[in-house]
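What follows is one structure encoded as structure tokens, with my remarks underneath.
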Amino acid sequence: MGTLLAAAPFEDFARENSPVLAIVICGILGILVARLITRTITRLVLLALIVMIGLFVVVQRDNITECTQTCECELAGVDTSVPLCNRALPRTGR
């Protein structure tokens, strides 16, 4: 059985343009992979930032409690005073 006549024009097109088609397909795949990597790295950076903020709050928990009671404290080595803080108000601690 010979070659189908309908397939002959496609074979010629594919033979003549296969390098161009390969470059276009590789370019599209490269762009998709780059987007995937960029999104993944962005999510990992944001997750790391959230975890670092959470760890900072846990480590400074005692100092934050002191701030609520005395209106003055030290956070991350910096002396801090809470503006508009009324020391006369009763503080309820846990």
Inset, instruction - Say whether the condition of being surrounded by 10 or more Cβ atoms within 10 Å (Cβ to Cβ) and in contact with a helix residue (DSSP H, G or I) (Cβ under 7 Å, 6 or more places away or on another chain) is met by at least one residue in segment 30-44. - result: no
Legend entry - Pair list, Cβ < 6 Å and 6+ apart or interchain, from segment 35-54 residues that are farther than 29 Å from Leu75 by Cβ to residues that are part of a helix (DSSP H, G or I): none
Legend entry - segment 66-88 - residue that is surrounded by fewer than 10 Cβ atoms within 10 Å (Cβ to Cβ) and at pLDDT below 75 and, of those, farthest from Phe56 (Cα to Cα): Ala88
Legend entry - Unique residue being at pLDDT below 80 and farther than 30 Å from Cys85 by Cα when the list is Gly2, Gly30: Gly2
Legend entry - Candidate set: segment 5-27, residues that are small (Gly, Ala, Ser) and out of contact with any helix residue (DSSP H, G or I) (no Cβ under 9 Å at 6 or more places or on another chain); chosen: the one modelled with the highest pLDDT: Gly27
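The values are calculated or read from the model by the stated rules, or taken from the named source; none is laboratory data. Worth saying up front: this structure is predicted, and the values here are computed from it rather than measured. Glycine also receives a Cβ, built like all others from the backbone with ideal geometry; neighbour counts cover every protein chain displayed.
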